[in-house]
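Here is the structure we will look at.
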Amino acid sequence: MSQTLNHRVAVLTGTFDPVHLGHIDIIRRGSHVFDRVIVGVGINPDKEPLFTADERVALLREVSRPFPNVEVQQFNGLAVRFVRQSGARVMLRGLRTLSDMEYEFTMSLMNQNLDPELETIFLMANEEYSHVSSTMLRGIASFQEDLSKFLPPAVQSALVAKVNQTHGGRRA
Ligand code: ADP
């Protein structure tokens with residue numbers, strides 16, 4: 001582990017299924033604090049995402065266009081390994097609620113064990129989005145509800161198309 005890591009580069013990993021305004025808020029704020037932010041779209045063997053990895057990457061690239069120092073990449077395997085391969089020193093995370101805290105605390109301790117040179121830095125979620133999760137938005141979208149408060153227009157259309165294609169949409 002002799003590689004030099006850059007503490008001005010941060011990596012935000014996640015599933016982003018799909019990306020929502022809560023994620024974008026963390027990406028935007030991270031892009032103001034760090035020289036470079038890499039958004040890592042992970043393949044989690046325990047999750048079966050609604051969007052393919054390529055679709056999630058494409059949506060993230062589209063919504064990250066206003067931030068010139070943000071790039072989006074796909075990765076396989078452990079997040080810490082991807083962060084190190086990227087030459088970054090920082091794992092950036094968004095923290096929503098008290099219930100997130102326990103999971104994130106455990107995860108950051110495990111990551112510290114796996115790679116002690118990396119640091120996890122948390123940004124508190126914007127209160128407007130602190131209750132927003134991709135899981136919840138996918139569920140609500142299947143009832144054809146308007147989600148424009150939580151999703152950029154491109155993501156909202158992609159989600160509507162995807163749920164219609166997947167289970168024909170449901171009516172409330
Ligand atoms: P994961 O697969 O890790 O659950 P997500 O795609 O849900 O990935 O989230 C990726 C990152 O964005 C995580 O750091 C998560 O804490 C953060 N995040 C998720 N939802 C929000 C939100 N509403 N506000 C701020 N940060 C969030």
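The values are calculated or read from the model by the stated rules, or taken from the named source; none is laboratory data. Note that the structure is predicted; figures quoted are calculated from it, not measured. With ideal geometry, Cβ positions are generated from the backbone for all residues, glycine too; neighbour counts draw on all protein chains shown.
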**OP:** Could you check how many residues of region 130-142 are assigned to a helix (DSSP H, G or I), surrounded by fewer than 18 Cβ atoms within 10 Å (Cβ to Cβ) and within 10 Å of the ligand (Cβ to nearest atom)?
**Re:** 2
Original post:
Could we say that Glu62 is in contact (Cβ under 8 Å) with a residue 24 or more places away in the chain and closer than 30 Å to Ala161 by Cα here?
Top reply: yes
Subject >> Of all residues in region 1-32 being among the β-branched types (Val, Ile, Thr), more than 7 Å from the ligand (Cβ to nearest atom) and touching a residue at least 60 places away in the same chain (Cβ under 8 Å), the one that is farthest from Leu92 (Cα to Cα) >> reply: Thr4
Subject >> Which numbered condition Pro153 misses (of (1) of a type outside the set (A, V, I, L, M); (2) surrounded by 15 or more Cβ atoms within 10 Å (Cβ to Cβ); (3) without any contact (Cβ under 8 Å) to a residue 40 or more places away in the chain; (4) away from the ligand (no atom under 13 Å from the Cβ)) >> reply: (2)
Original post:
Among the residues of region 30-66 satisfying the criterion of being in a loop (DSSP other than H, G, I, E, B) and in contact with an Asp or Glu (Cβ under 9 Å, 6 or more places away or on another chain), which is farthest from Asn76 (Cα to Cα)?
Top reply: Ser64
Original post:
Right, Val80: assigned to a helix (DSSP H, G or I), within 29 Å of Glu55 (Cα to Cα) and modelled with pLDDT of 95 or more or not?
Top reply: yes
**OP:** Please go through region 4-49 and pick out each residue that is among the polar types (S, T, N, Q) and at pLDDT 95 or above.
**Re:** Asn6, Thr13, Thr15, Ser31
Original post:
If Glu127 passes every condition in (1) closer than 21 Å to Val163 by Cα; (2) acidic (Asp, Glu); (3) exposed (fewer than 14 other Cβ atoms within 10 Å of the Cβ) but one, which one does it miss?
Top reply: (1)
Original post:
Can you tell which of Asp115, Asp146 is surrounded by fewer than 15 Cβ atoms within 10 Å (Cβ to Cβ) and either under 15 Å from the mean Cα position of the chain (by Cα) or more than 14 Å from the ligand (Cβ to nearest atom) (or both)?
Top reply: Asp146
Subject >> Search result, residues across region 84-112 that are within 14 Å of the chain's Cα centre (by Cα), of a type in the set (A, V, I, L, M, F, W, C) and closer than 19 Å to Val9 by Cβ >> reply: Met91, Leu92
**OP:** Looking only at region 116-144, count how many residues are out of contact with any Ser or Thr (no Cβ under 7 Å at 6 or more places or on another chain) and either of a type in the set (Asp, Glu) or over 16 Å from His23 (Cα atoms) (or both).
**Re:** 12
Original post:
What single numbered condition from (1) out of contact with any Phe, Trp or Tyr (no Cβ under 8 Å at 6 or more places or on another chain); (2) touching a residue at least 12 places away in the same chain (Cβ under 8 Å) fails to hold for Tyr129?
Top reply: (1)
